[in-house]
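Down below is the structure, laid out as structure tokens.
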Amino acid sequence: MLVTGGSGYIAGETIRQLLAAGWTVHTTVRNLAREAELRPLLGGTPETLKFFAADLMADAGWAEAAAGCTHLCHMASPLPASAPKNHDELIVPARDGALRALRAAKGAGIRRVVLTSSMAAVAYGHGRGQHRFTEADWTNVDSPDAYAYVKSKTIAERAARDWVAAEGGEMEFVSINPVLVLGPLHSADFSTSLEAIKKLLEGSIPGLPNFGFGVVDVRDVADMHVRCLTAPDMAGERFLCSGRFLWMKDIAAILKAGLGDSARKVPTRRLPDWLVRIAALFDPLIRQVLGELGNERDADTSHARQKLGWTTRPEEQTILDTARDMIRLGIVKV
Ligand code: NAP
């Protein structure tokens, strides 16, 4: 079994679950020097967990990583904290890296591929307001709301699906499209998806903007990947992976109610939309997500619940586990 991007947040949890279920796991990292730091966090033994060097931007190492594997989870993809100047900085590694992983998988005779796509490939460019998305929806990459990361995930998933349809032969392709992934942390090297919780806990935003996201626990995301590797009849499948949609004010209220004094810096004031628009004039990151203001992007996950028997844990538990680990690991000083 090959899991790409073994240094990643979701990959780490998936590898731990796969090892616990008895799989032998190959994983890629850009730099093999990271093996020493990652191995204690991931578990396994040198026989059950093997590291390979491979970069999404280069051909070297992919064939070696895939050799001897029957399944691929392709998770590596850039998820930067800042907006790149050029969209290709994200699109090219996301798309070309997925194709490199797929070609290596075909060369190794891998029969099932699970791609970690994103809600970013589903829910953007459909106008403002309230939407409930299903697996039939695709992001419109020509919309001004489709910022670089959103484009990179949409283009990569489409390219991977098209490649498998044209070149994959017997290969079965499944994508998983998670919303914002939160949950327990095993090291202080944390994914960009946890930034919102960090900012709330350290009080670095003056109030609560009218932004919201679907939230899902990393343990449930990993569990969906494991299920997709073994469930029957997966060719061409696509699964939205989400818990409830929560506004920033809901997340702040959960932190306040669950953390007591540790949540004293979490803001309680609402930030009016006009103030967020002014802030966006000066901050490129806020500008990037300005189209999100007031949008309620809900996900219908009945397909995964019915076909995979997948369930989610309460969002309150996910958010409080995230916050407690951020405090424990010294990522935030409260
Ligand atoms: P993460 O912790 O930032 O992991 C990203 C992984 O991609 C890291 O292992 C990183 O390696 C690797 N990577 C980035 N650029 C690379 C390159 N050029 N060559 C090789 N590897 C490269 O992010 P994550 O949250 O676990 O995300 C994993 C996957 O889930 C991604 O495909 C992401 O788009 C998707 N996803 C995440 C969320 C979320 O909220 N977290 C939601 C939906 C979908 P380094 O450690 O070397 O940088």
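The values are calculated or read from the model by the stated rules, or taken from the named source; none is laboratory data. Since we're looking at a predicted model, the values are computed, not measured. Positions of Cβ are generated from backbone atoms using ideal geometry, with glycine treated the same way; all protein chains shown enter the neighbour counts. Heads up: the accessible areas ignore ligands, DNA and RNA and are worked out on the full protein's heavy atoms, side chains in. Shrake-Rupley method; radii C 1.70, N 1.55, O 1.52, S 1.80 Å.
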Quiz prompt | Per-residue ³J(HN,Hα) for segment 229-234, Karplus 6.51 cos²θ - 1.76 cosθ + 1.60, θ = phi - 60°, Hz, x for Gly and Pro | solution = 6, 10, 5, x, 6, 9
Quiz item: At 222 nm, what helix-only mean residue ellipticity would the chain give, in deg cm²/dmol to the nearest 500, using -39500 (n - 2.57) for each DSSP H run of four or more?
Solution: -12500 deg cm²/dmol
Self-check item: Accessible solvent surface per residue of the chain, calculated while the other protein chains remain in place, 1.4 angstrom probe, Å²
Solution: 42
Quiz prompt | Efficiency of FRET between Ala188 and Glu89 - r from beta-carbon atoms, R0 22 angstrom, step 0.05 | solution = 0.30
Practice problem: Rounded to whole Hz and in sequence order, give me ³J(HN,Hα) for segment 185-195 from the Karplus expression 6.51 cos²θ - 1.76 cosθ + 1.60, θ = phi - 60°, writing x for Gly and Pro. | Solution: 10, 10, 8, 7, 8, 9, 6, 4, 5, 8, 4
Quiz prompt | Cut-off under 5 Å, modelled amide H: who pairs with Glu296 long-range | solution = Gly129, Gln130, His131
Quiz item: Leu115's amide H: which non-local residues (gap 5+, or another chain) put their own amide H closer than 5 Å, with H modeled 1.01 Å from N in plane and none for Pro or chain starts?
Solution: His74, Val174, Ser175, Ile176
Exercise. Mind scanning Lys249/Lys333; Lys151/Lys256; Lys50/Lys151; Lys198/Lys249; Lys85/Lys153; Lys153/Lys249 and naming the pairs with a C-alpha gap bigger than 26 Å?
Key: Lys151/Lys256; Lys50/Lys151; Lys153/Lys249
Quiz item: With the chain treated as a Gaussian network of Cα nodes joined by springs under 10 Å, which of Leu42, Leu90, Leu281 yields the largest mean-square fluctuation?
Solution: Leu281
Quiz prompt | Pairwise centroid distance, computed over Cα atoms, of segment 139-182 with segment 266-334, Å | solution = 22
Quiz item: When the dipole is taken about the Cα centre of segment 2-328, and only Lys, Arg (+1) and Asp, Glu (-1) are charged at their Cβ, what size is it in debye, to the nearest 20?
Solution: 540
Practice problem: Go through segment 86-101 residue by residue and turn each phi into a ³J(HN,Hα) via Karplus (6.51, -1.76, 1.60, θ = phi - 60°); whole Hz please, and just put x for glycine and proline. | Solution: 10, 4, 5, 4, 9, 5, 5, x, 5, 6, 5, x, 4, 5, 4, 4
Quiz item: With springs only between Cα atoms under 10 Å, which of Gly309, Gly109, Gly291 fluctuates most in a Gaussian network model of the chain?
Solution: Gly309
Quiz item: With springs only between Cα atoms under 10 Å, which of Trp274, Trp23, Trp163 fluctuates most in a Gaussian network model of the chain?
Solution: Trp274
Quiz item: Heavy-atom accessible area of Val216 with all protein chains present, probe 1.4 Å, nearest 10 Å²?
Solution: 0
